[in-house]
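> Below is a structure I'd like to ask you about.
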Amino acid sequence: MGLGYRITRSVLIFFPALFQLTTQISNEGLSFAFAGVLLAGAFLTLIYLFLHFDEFINPKLVMELLSDAFVGIVLVTFPSPSPAFAQRYFLIMFSVWLFINGMLTTVSGIMDNENKNLLWLYTLTGVAYIAMGFVIMNYDAMVLSSAMWLVSFMLIIYSGINLYLLLSRKKDYFPSRLKD
C-alpha cells in the first residue's frame, strides 16, 4: 500500500483540530470541517482503490473508506433543529467514527503477523480510541464546552499515532533508505 496516500489522510485529519485550536471556530464549523475532511479522505481512498484495483487491498482500507464516507455524509446531510442538538449530534457521530477506528486499529494490530513488535501500540491505541469514543459520547451538559477541545486533541493524537506507525513501518519496508 502506498505510504503517500496514508500520510495525506493523516495530515488531512489533523487540519480540523488545527482550525479549532487556532481560530476557535464554532461547533458547527468544526463539524463541517471534520465532515469535509472525512469525505475528502473517502474520495482519496476511492481514487487509490481505482488506481490500484489489480493489487492486494488491505481490508482496513475499505473499512476506513466506509466509516469515513458514512460519518461524513451523515454529518453533512442530517438536519439540526438547534445548535445544542447539532453539537451533541456531532459528538455522537465523532464517537462512532472513533469507536470504529479503534476497533480497526485493535484488530489490525492483533491480526498483523509482520509487525508483532508494534502489537502493544496498536492494541493500546485501539483501546484508547474506543474508551475516548465512549467518554466523548457521554459528555455531561456541564462540561460540554470542553468537548470540542477534547475532539481536537483526539484528532491530533489520531493523526500523530497514524504518522508514527506509518513511518515506523516504512523503516521496516525500506531499511536502506533510512540509514543514509
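The values are calculated or read from the model by the stated rules, or taken from the named source; none is laboratory data. Everything numeric in this text was worked out from a predicted model, so none of it was measured. Cβ sites come from the backbone with ideal geometry, for glycine too, and all protein chains shown count toward neighbours.
> Of the residues F85, F32, which single one is surrounded by fewer than 14 Cβ atoms within 10 Å (Cβ to Cβ), farther than 19 Å from N162 by Cβ and among the aromatic types (F, W, Y)?
F85
> In region 1-46, how many residues are modelled with pLDDT of 85 or more and either under 13 Å from V71 (Cα atoms) or charged (D, E, K, R) (or both)?
Within region 1-46, residues that are modelled with pLDDT of 85 or more and either under 13 Å from V71 (Cα atoms) or charged (D, E, K, R) (or both) number 12.
> Any idea how many residues of region 93-127 are of a type in the set (A, V, I, L, M, F, W, C), more than 18 Å from E64 (Cα to Cα) and touching a residue at least 12 places away in the same chain (Cβ under 8 Å)?
If we filter region 93-127 for residues that are of a type in the set (A, V, I, L, M, F, W, C), which is where we start, we get 93-94, 96-100, 103-104, 107, 110-111, 118-121, 124, 127.
In the following step, the residues that additionally are more than 18 Å from E64 (Cα to Cα) were identified as 118-121, 124.
Checking which are touching a residue at least 12 places away in the same chain (Cβ under 8 Å) leaves us with 118, 121.
Result for region 93-127: 2.
> Right, I47: free of Cβ contacts under 8 Å to residues at least 40 places away in the same chain, over 13 Å from W97 (Cβ atoms) and part of a loop (DSSP other than H, G, I, E, B) or not?
Numbers: free of Cβ contacts under 8 Å to residues at least 40 places away in the same chain: yes; over 13 Å from W97 (Cβ atoms): yes; part of a loop (DSSP other than H, G, I, E, B): no.
In short, no.
> Go through region 140-165 and report how many residues are modelled with pLDDT under 80 and either under 14 Å from the mean Cα position of the chain (by Cα) or not in a helix (DSSP H, G or I) (or both).
Number satisfying all stated conditions: 1.
> Exactly one condition in (1) surrounded by fewer than 17 Cβ atoms within 10 Å (Cβ to Cβ); (2) over 19 Å from I136 (Cα atoms); (3) of a type in the set (F, W, Y) is false for Y48; which is it?
(1)
> Being under 16 Å from the mean Cα position of the chain (by Cα) and within 21 Å of L144 (Cα to Cα) is the filter here, so list the residues in region 80-128 that pass it.
Listed by number, the residues that qualify are F90, L91, I92, M93, F94, S95, V96, W97, L98, F99, A128.
> Kindly evaluate T77 against the criterion of being modelled with pLDDT of 85 or more, more than 26 Å from S146 (Cβ to Cβ), loosely packed, with under 13 Cβ neighbours inside 10 Å and over 16 Å from the mean Cα position of the chain (by Cα).
Against the criterion (modelled with pLDDT of 85 or more, more than 26 Å from S146 (Cβ to Cβ), loosely packed, with under 13 Cβ neighbours inside 10 Å and over 16 Å from the mean Cα position of the chain (by Cα)), T77 qualifies.
> Shifting gears a bit: Within region 83-105, track down each residue that is more than 18 Å from S159 (Cβ to Cβ) and either of a type outside the set (A, V, I, L, M, F, W, C) or at pLDDT 85 or above (or both).
Answer for region 83-105, where residues must be more than 18 Å from S159 (Cβ to Cβ) and either of a type outside the set (A, V, I, L, M, F, W, C) or at pLDDT 85 or above (or both): P83, Q87, R88, Y89, F90, L91, I92, M93, V96, M103.
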